[in-house]
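Following: one structure in structure tokens, then a few remarks.
The values are calculated or read from the model by the stated rules, or taken from the named source; none is laboratory data. This one's a predicted model, so the numbers in the text were calculated from it and none came from an experiment. All Cβ positions, even for glycine, are placed from backbone atoms using ideal geometry, and neighbour counts span all protein chains on display.
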Amino acid sequence: MNAYYDFAPSGLARGWAAFKRPFHVFDNRPSKIILGIIAVLIAYALPLLNLPIITTPDSDFGGVLFDVAAYALIAVGLNIVIGYAGLLDLGYVGFYATGAYTVGVLTQYHWHWPFFLALPVAIGVTMITGVLLGAPTLRVRGDYLAIVTMGFGEIIRLIITNTHWLGKSAGISSIPMPPTVGTAPGAGNPGGLFQVPHLSWGTFPNVIDVGHKTGVLAFGVLDAIPFYWLILTALFIVLIGDKLVKESRVGRAWEATREDEDAAEVMGVPTFKYKLLAFALGAGIGGMSGAFYATRQTFIQPQSFALLLSELFVAAVIVGGAGNRWGAVAGGAVVAYLPERFRGFSDWRMLIFGIALIVLATWRPEGIFPPRRTRRAIRAEAVVEELEGETVDA
Amino acid sequence: MPESHTAGRTLLELDDVTIKFGGLTALDGVTFDIKEGEILGLIGPNGAGKTTCFNVMTGVYQATSGHIRFDGQALHKMPRHKITRLGMARTFQNIRLFKSMTALENVMVGADAHSKVGFFRALFRTPVHRKTEGESRARALELLKFVGVAGRADELAVNLSYGDQRRLEIARAMATNPKLLCLDEPAAGFNPAEKQRLMELIRKVRDQGYTVLLIEHDMRLVMGVTDRIVVLEFGRKIAEGAPAEIRDNPAVIAAYLGVEEDDDAAS
């Protein structure tokens with residue numbers, strides 16, 4: 001029924017389980033909270049640290065991190081649809097485009113709303129789009145749904161290309177950035193509320209590079225890091241909401257629907273309503289990511305929302321581990337980061353990216369971070385294998 | 001637990017129900033009713049229409065003609081989850097658990113059937129959410145204990161033994177707080193000892209105030225546990241009565257064992 005969870009436990013998976021065993025001392029609430037806070041701080045500080053190896057040498061690391069967070073946000077949204085509710089959506093880019101264009105139209109093309117007013121409207125519009133697409137199509141299942149949604153992604157792009165009101169194929173340019181708090185950034189002045197210096201590893205022991213600063217809440221073309229911090233904050237808020245909703249009746253209803261729609265219905269789950277909810281929430285999060293994309297790029301056009309992106313989004317969810325929010329984050333990060341990291345290899349980078357995906361699919365078909373239940377199934381199988389091994393030895 | 005009404009009130013009523021799939025008549029004018037507090041057995045040879053009967057009651061199929069009333073309400077074209085909320089729950093002949101969820105979560109899905117928690121109540125962790133969640137969990141644990149699977153509450157449903165899976169299905173159906181519990185061949189694949197334990201469980205379920213409709217192949221189990229039996233053959237009701245009457249009914253014996261004239265006519 002569910003292709004994403006059919007896998008053979010690999011040697012790598014068991015090795016990972018063995019590697020993690022000593023870390024079980026952290027399996028209590030206080031140390032989890034402390035580790036969580038540290039991880040969040042590292043995530044925010046990442047673009048300032050200039051870590052060797054991790055930092056992309058051939059493109060602006062702040063910009064890459066923005067893309068990573070944007071893809072992670074998309075993957076978290078799509079994970080609700082694919083991972084939780086089990087609906088294969090191959091046209092997710094349509095929602096990304098809807099969010100981006102709502103911001104483009106509201107803040108620049110027809111009106112001049114401030115970004116933070118346009119953002120919730122963009123999310124709302126995308127959710128409504130999700131409901132409009134879902135209401136007639138969620139009655140079909142499995143592969144048929146995948147085909148219908150794939151068509152939807154393409155239809156959105158074609159509508160934009162042919163609608164004068166949306167700027168046709170020329171797109172929408174000079175989309176304003178979010179308002180800067182504090183001094184405006186300019187040449188030689190990062191601006192913002194206050195400035196934080198970057199680290200520099202080349203000038204040891206003078207590791208703090210006072211000549212290179214980033215302004216907090218300063219949104220300009222030169223420095224992408226404030227945009228990264230903005231979308232990272234949105235990502236964390238979405239992740240918290242995702243956890244609260246998943247660990248409730250709603251999450252159980254999604255899982256039950258994914259596992260066996262008829263049985264769920266007979267157990268009193270209004271499956272259609274819950275599938276529609278998953279679709280609308282996923283769409284809203286995709287739209288949110290699109291809105292951030294529009295204000296960061298300041299320019300959007302239909303070609304930015306090609307069907308290929310949808311496949312990349314699905315790849316992010318599957319590579320990360322469908323059904324696990326942290327898997328989705330990791331998958332989004334991998335898909336956005338790897339091609340940029342290998343930009344120095346120019347034409348070869350997509351090949352390296354493709355090989356990396358194949359390696360992941362072979363060695364870890366359940367994803368980088370499979371959901372809790374899949375991990376438990378691996379553990380159960382490992383135990384069974386151990387027991388069988390003992391009987392053979394005896 | 002459902003409150004106990006005066007015994008003998010009609011809970012479910014099938015009135016001249018016919019279902020046709022193209023040229024095949026799966027149910028042909030079937031009429032019977034279930035009284036509150038009883039265990040009714042529905043038996044018949046393979047292909048007699050027992051499961052079809054279940055499916056039309058629970059809204060999986062729509063009757064071509066005839067009426068079904070549950071607790072005084074017509075079920076025609078009612079969505080399946082609403083029928084469940086009215087108080088009819090069922091298990092499946094071929095086990096259909098939510099495999100990648102734990103035993104406890106499986107039962108909680110059933111317990112959620114009457115929950116008022118939706119997206120916003122869950123997102124903002126309202127008091128309603130906290131209260132319902134606690135109640136669902138407590139009820140699910142209680143039911144797991146009742147059917148005897150409590151020790152494996154945190155195990156994935158797919159990892160449970162066959163017998164435990166069958167019992168888990170009963171617990172999940174009971175969690176929806178039904179007035180009528182429909183069991184579709186709950187003893188399929190059981191050995192005699194397990195069948196004995198299942199019979200005890202079904203009696204215990206009835207003693208809790210549930211009404212039970214039981215589809216079963218095993219004659220000894222049906223005779224031992226039911227109050228009344230309806231016999232189907234080729235989609236028609238051929239007999240109805242107490243177990244002792246059914247055992248001696250020539251039409252039933254003919255249906256199960258065959259009679260010579262029928263064999264001649266068939267060949």
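In table form, for the structure just shown:
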{"quantity": "Residue within region A:289-298 that is more than 24 Å from A:Pro114 (Cα to Cα) and crowded, with 24+ Cβ neighbours inside 10 Å present", "calculated": "no"}
{"quantity": "Condition broken by A:Lys243, with the remaining ones in (1) more than 14 Å from chain B (Cβ to nearest Cβ); (2) among the charged types (D, E, K, R); (3) closer than 30 Å to A:Ile82 by Cα satisfied", "calculated": "(1)"}
{"quantity": "Test: A:Phe272 is over 18 Å from the mean Cα position of the chain (by Cα), within 13 Å of chain B (Cβ to nearest Cβ) and on the phi < 0 side of the Ramachandran plot", "calculated": "yes"}
{"quantity": "Criterion: at pLDDT 90 or above and within 14 Å of chain A (Cβ to nearest Cβ) - qualifying residue of B:Arg96, B:Arg69", "calculated": "B:Arg96"}
{"quantity": "Hey, B:Lys20 surrounded by fewer than 20 Cβ atoms within 10 Å (Cβ to Cβ), more than 13 Å from B:Gly235 (Cβ to Cβ) and among the basic types (Lys, Arg) or not", "calculated": "no"}
{"quantity": "Qualifying position, being at pLDDT 95 or above, facing another protein chain (nearest Cβ under 7 Å) and at negative phi, among A:Leu277, A:Leu281", "calculated": "A:Leu277"}
{"quantity": "Among (1) among the polar types (S, T, N, Q); (2) farther than 20 Å from B:Leu104 by Cα; (3) within 14 Å of chain A (Cβ to nearest Cβ) - the single one B:Gln208 does not satisfy", "calculated": "(3)"}
{"quantity": "Residue tally, condition within 13 Å of chain A (Cβ to nearest Cβ) and either under 13 Å from B:Ala140 (Cβ atoms) or surrounded by 24 or more Cβ atoms within 10 Å (Cβ to Cβ) (or both), over region B:153-169", "calculated": "4"}
{"quantity": "Sole exception among (1) of a type outside the set (Lys, Arg); (2) within 13 Å of chain A (Cβ to nearest Cβ); (3) touching a helix residue (DSSP H, G or I) at 6+ places or on another chain (Cβ under 8 Å); (4) in a helix (DSSP H, G or I) for B:Phe146, by number", "calculated": "(2)"}
{"quantity": "Looking only at region B:104-126, and only at residues there that are hydrophobic (A, V, I, L, M, F, W, C) and closer than 14 Å to B:Met174 by Cα, the one that is nearest to the other protein chains (Cβ to nearest Cβ)", "calculated": "B:Ala113"}
{"quantity": "Hits in region B:157-188 - residues which are in contact with a strand residue (DSSP E or B) (Cβ under 6 Å, 6 or more places away or on another chain) and either farther than 25 Å from B:Gly49 by Cα or of a type in the set (Val, Ile, Thr) (or both)", "calculated": "B:Thr176"}
{"quantity": "Qualifying positions in region A:209-235 - closer than 22 Å to A:Ala39 by Cβ, without any contact (Cβ under 8 Å) to a residue 60 or more places away in the chain and not in a helix (DSSP H, G or I)", "calculated": "A:Val216"}
{"quantity": "Verdict on A:Ile147 being in a helix (DSSP H, G or I), among the aliphatic types (A, V, I, L, M) and closer than 18 Å to A:Thr102 by Cβ", "calculated": "no"}
{"quantity": "Residue within region A:255-268 that is buried (at least 18 other Cβ atoms within 10 Å of the Cβ), among the aliphatic types (A, V, I, L, M), within 14 Å of chain B (Cβ to nearest Cβ) and in a loop (DSSP other than H, G, I, E, B) present", "calculated": "yes"}
{"quantity": "Boolean, A:Thr102 is in contact with a Pro (Cβ under 7 Å, 6 or more places away or on another chain), of a type in the set (S, T, N, Q) and at pLDDT 90 or above", "calculated": "no"}
{"quantity": "Filter result for B:His81 (within 13 Å of A:Ala253 (Cα to Cα) and in the same structural domain as B:Leu14 (by TED's automatic domain parsing))", "calculated": "yes"}
{"quantity": "Scan of region A:171-208 for residues that are touching a residue at least 60 places away in the same chain (Cβ under 8 Å) and either of a type in the set (A, V, I, L, M) or surrounded by 15 or more Cβ atoms within 10 Å (Cβ to Cβ) (or both), ordered by number", "calculated": "A:Gly171, A:Ile172, A:Ile175, A:Pro176, A:Met177, A:Pro178, A:Val196, A:Pro197, A:His198, A:Leu199, A:Ser200"}
{"quantity": "Filter result for the condition that a residue is out of contact with any strand residue (DSSP E or B) (no Cβ under 6 Å at 6 or more places or on another chain) and either of a type outside the set (A, V, I, L, M, F, W, C) or under 24 Å from A:Gly332 (Cα atoms) (or both), over A:Leu232, A:Leu199, A:Leu193", "calculated": "A:Leu232"}
{"quantity": "Close pairs from region B:229-257: first surrounded by 21 or more Cβ atoms within 10 Å (Cβ to Cβ), partner among the acidic types (Asp, Glu), Cβ under 6 Å, at least 6 apart", "calculated": "B:Val230/B:Glu240; B:Gly235/B:Asp28; B:Ala255/B:Glu233"}
{"quantity": "Residue within region B:78-89 that is basic (Lys, Arg), touching a helix residue (DSSP H, G or I) at 6+ places or on another chain (Cβ under 7 Å) and assigned to a strand (DSSP E or B) present", "calculated": "no"}
